[in-house]
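The values are calculated or read from the model by the stated rules, or taken from the named source; none is laboratory data. Since this is a predicted model, take the numbers as computed values, not measurements. FYI the Cβ positions are ideal-geometry reconstructions off the backbone, even for glycines, and counts take in every protein chain you see. SASA here: full protein model, heavy atoms, side chains in, ligands and nucleic acids out. Shrake-Rupley method; radii C 1.70, N 1.55, O 1.52, S 1.80 Å.
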Amino acid sequence: APQALAPDAAWVLMHQLGSMGQQVKTAAQPPVPSAAAAISADEMAAALNLQLPTDLDPDLLHSFYQEAPQQSRALVGLVQSLMQAEATPTRGEQLAQAQRLAHTLKGTGAIFGLRGLVSIAHPLEDIFEQLKAASASPPPHLPQLLNTALEAAYCLEQMVAAVVGQDEVPTQAAAVLQKLWQAQ
């Protein structure tokens, strides 16, 4: 920086940077129980939390309000295209785009402490990776995987809209998360 920060501003910045690692670690590690393990209602609520921290940078929050709805909408459109199209040369490109959007929404969720976005976007990203890897010979349960991916994309879109204040928190989020876990 061209000028040193004032000591009190430096302490605030150090505190914020020091706590970021813990916030990202916590947000980026949603519980992924095995099929046999049960998750409590409190753990599920924590995994699907969409509460924004109160001390967010307004400029950063503004960028979320501008970009996240477009990204989630684009993700829904890509998954809809994947469901309607037969295997084409562009399918791999569409899967890569969908995976990038899910990854971006996952990262955004981690940065903003929105564990709900992370919890849904992470296994969705894994589904796209699985489909990309099997692009030469699609799995027999491809329609079911794509249907689960579409449900998850719709859920992410509604979650983003809820955070932005344009919709309610999705009531189907826990069921979608369970389907995503089962798809892995």
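Taking the criterion of being closer than 28 Å to residue 49 by Cβ and either touching a Gly at 6+ places or on another chain (Cβ under 9 Å) or surrounded by fewer than 23 Cβ atoms within 10 Å (Cβ to Cβ) (or both), would at least one residue in segment 136-143 satisfy it? Scanning segment 136-143, I find no residue that is closer than 28 Å to residue 49 by Cβ and either touching a Gly at 6+ places or on another chain (Cβ under 9 Å) or surrounded by fewer than 23 Cβ atoms within 10 Å (Cβ to Cβ) (or both), so the answer is no. Among the residues of segment 65-90, the one identified as in a helix (DSSP H, G or I), over 20 Å from residue 125 (Cα atoms) and touching a helix residue (DSSP H, G or I) at 6+ places or on another chain (Cβ under 9 Å) is 65.
Filtering segment 94-114 to residues that are of a type outside the set (A, V, I, L, M, F, W, C), more than 8 Å from the chain's Cα centre (by Cα) and modelled with pLDDT of 95 or more leaves 97, 99, 100.
Restricting to segment 134-162, give me the number of residues that are among the small types (Gly, Ala, Ser) and over 14 Å from residue 183 (Cβ atoms). Here the count works out to 5. For segment 144-182, a residue qualifies if it is open to solvent by 20 Å² or more (accessible area, probe 1.4 Å), more than 16 Å from the chain's Cα centre (by Cα) and not β-branched (Val, Ile, Thr), and the qualifying residues are 144, 147, 165, 166, 167, 168, 182. Of note, residue 120 does not satisfy the criterion of being modelled with pLDDT of 90 or more, within 20 Å of residue 53 (Cβ to Cβ), surrounded by fewer than 19 Cβ atoms within 10 Å (Cβ to Cβ) and among the β-branched types (Val, Ile, Thr).
Name the single residue, out of those in segment 27-64 being at pLDDT 90 or above and under 15 Å from the mean Cα position of the chain (by Cα), that is surrounded by the most Cβ atoms within 10 Å (Cβ to Cβ). Among those that are at pLDDT 90 or above and under 15 Å from the mean Cα position of the chain (by Cα), it is 48.
Per the conditions (1) free of Cβ contacts under 8 Å to residues at least 40 places away in the same chain; (2) over 25 Å from residue 46 (Cα atoms); (3) not charged (D, E, K, R), the sole criterion not satisfied by residue 103 is (2).
Checking each residue in segment 84-111 for being surrounded by fewer than 22 Cβ atoms within 10 Å (Cβ to Cβ) and either within 17 Å of residue 70 (Cα to Cα) or among the polar types (S, T, N, Q) (or both) picks out 84, 88, 90, 94, 97, 99, 100, 103, 104, 107, 108.
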